[in-house]
Amino acid sequence: MSKLTIRIGLSLALAFSAATALADTQQWPAAKANAWYAKQRWLVGSNYIPSDAINQLEMWQADSWNPAQIDKELGWAEAIGMNTMRVFLHDKLWEQDADGFRKRIDEFLALAARHKIKPLLVFFDSCWDPNPKLGPQRPPIPGVHNSGWVQSPGKAGLADTANYPKLRAYVQGVVRAFAKDDRILGWDIWNEPDNSKEGEQFAQVETLLPQAFAWAREADPSQPLTSGVWHNEDWSPQGKLNAIEKIQIEQSDFITFHVYEWPEVLERRIKELQPYGRPIIATEYLARGAGSTFDTSLPIAVKYNVGMINWGFVLGKTQTSFPWDSWQKPYTGSPPVVWHHDIFHADGKPYRQVEVDQIRALTRAAQIEFDRKAGKKR
């Protein structure tokens, strides 16, 4: 064999290897994403954190981990037909105790599966406290909405590029542990990545977000990836998306979005996203005082086959029954006229029985239709 032949062979091999690696870090074809979605029941659930945890750290750390509480609360979700939950992880948990964190995720997945719930797991988050700290978490501020939530990776972790290998180890460690696990619906790479981010911080997120997608894809998950758009006036292909929104749309296997507005806005948002030809799931909605409610939102979602995951499941330390204006005027004297988020009181009593009845009825009807199409007899 000549040296030229060897060089050509090596060049072709390297080119094939590079092409394969590139393919592994690319967005799923729309056909693959839609085939995945067709296998799911109509997806309905909540952003979930147990009532005894103020944030992601308190939910997952060994000293405050409470599987019995989680099991009880997920039972309430199963009883009204919910089949997914959006659940936040945190990079510091992996740094603190990777093996323990992995085991607790596995335990959570077992509890969720017992209740026929497939969670969407979230890696990073740009919302609220930019200085997360491990250990005991501070108590809730009386009368204030979500007063203890923390960002991941946090301001310091985002700014320090030397920290990025740790972030990669976190993402890939979690994904590799559960890459073929059908108990997981999918991976939400970053919640509202450009929230409160301007100038240098915006640029840092713009740099890190596509890397985070690539890290997850390099771990070869069988589950799809996403990151939800949440602001801007127009999310359509003709809309003026900012740089981070473009990354979110171009990298997401299925499209996710947040909407806390009137039902006509929800419907408009869905129509803006339909031209991308991918499954669509609202991963945050429900702000009763702002016009986003179950009774008006869910029928629209049924009409367009859009999955729906509302913010807030059970009243607890996050205090998300208080409206956003509680940041300026805490509700310490009297409760709000209506709950902002959340479905259940801490004892399992529904905030509004008519809401859980509607969720149960719609999910039951969707399940019957899903089974009919699958040829299953009831």
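Just so you know, all these numbers are worked out from the coordinates, no wet-lab data involved. Predicted model only: the values in this text are computed from it and were never measured. Ideal geometry is used to build each Cβ from the backbone, glycine not excepted, and the neighbour counts take in all protein chains shown.
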Study note, to complete from the structure: Taking only Cα atoms of the range 55-213, the Rg to Rh ratio with Kirkwood Rh works out at 0.96
Exercise for review: Determine the relative contact order of the range 52-373: mean sequence separation of Cα pairs under 8 Å and six or more apart, normalised by residue count, in whole percent.
Suggested key: 17 percent
Point to revise | Virtual spin-label span in nm between Ser222 and Ala68, 7 Å along Cα→Cβ | key: 3.4 nm
Check your understanding: Nearest 20 debye, what's the magnitude of the dipole of the chain about its Cα centre given +1 on Lys and Arg Cβ and -1 on Asp and Glu Cβ?
Key -> 1280 debye
Point to revise | Angle in degrees between helix 199-218 and the longest Cα principal axis of the chain, rounded to the nearest 10 | key: 70 degrees
Study note, to complete from the structure: Averaged over all viewing directions, the convex hull of the alpha carbons in the range 146-189 casts a projected area in nm² of 4.3 nm²
Check your understanding: Based on DSSP H runs of at least 4 residues, each adding -39500 (n - 2.57), what is the mean residue ellipticity at 222 nm of the chain after dividing by all its residues, to the nearest 500 deg cm²/dmol?
Key -> -14000 deg cm²/dmol
Revision key, fill the gap. Pseudo-spin-label distance Asp295 to Gln201, built 7 Å along Cα→Cβ, given in nm, is 3.9 nm
**Study point:** Helix axis angle, 67-79 relative to the chain longest principal axis, alpha carbon, degrees
**Key:** 80 degrees
**Study point:** Whole-Å distance, taken between Cα centres, linking the range 73-110 and the range 274-334
**Key:** 21 Å
Point to revise | Residues with amide H under 5 Å from that of Trp65, placed H, sequence gap 5 or more | key: none
Practice item. Report the local net charge at Thr207: Lys and Arg +1, Asp and Glu -1, summed over other residues whose C-beta lies under 13 Å from its C-beta. Key: -3
Review point. Plugging the Kirkwood radius over Cα pairs into Stokes-Einstein for the chain, at a temperature of 20 °C and a viscosity of 1.002 mPa s, what D comes out in µm²/s?
Key: 99 µm²/s
Review point. For the range 198-249, what are the per-bin percents of Cα-Cα distances with bins 5 Å wide, up to the bin holding the maximum?
Key: 4, 18, 25, 21, 18, 10, 4, 0
Exercise for review: Please name whichever of Ala110, Ser152, Ile368 sits farthest to the positive end of the charge dipole of the chain, dipole taken about the Cα centre and charges placed at Cβ: Lys and Arg +1, Asp and Glu -1.
Suggested key: Ile368
Check your understanding: How many times 2.2 N^0.38 Å is the alpha carbon radius of gyration of the range 325-364?
Key -> 1.50
Point to revise | Where only alpha carbons of the range 140-260 are counted, the Rg and the Dmax (Å) | key: 15.3, 44
Point to revise | Relative intensity, log₁₀ I(q)/I(0), of the range 209-305 from a Debye sum that treats every alpha carbon as a point, q = 0.11, 0.12, 0.15, 0.23 Å⁻¹ | key: -0.34, -0.40, -0.61, -1.19
Practice item. Could you work out the Rg to Rh ratio of the range 229-378, with Rh taken as the Kirkwood radius (inverse of the mean 1/r over all Cα pairs)? Key: 1.01
Check your understanding: What FRET efficiency comes out for the pair Asp182/Val337, r = Cβ-Cβ distance, R0 = 41 Å, nearest 0.05?
Key -> 0.45
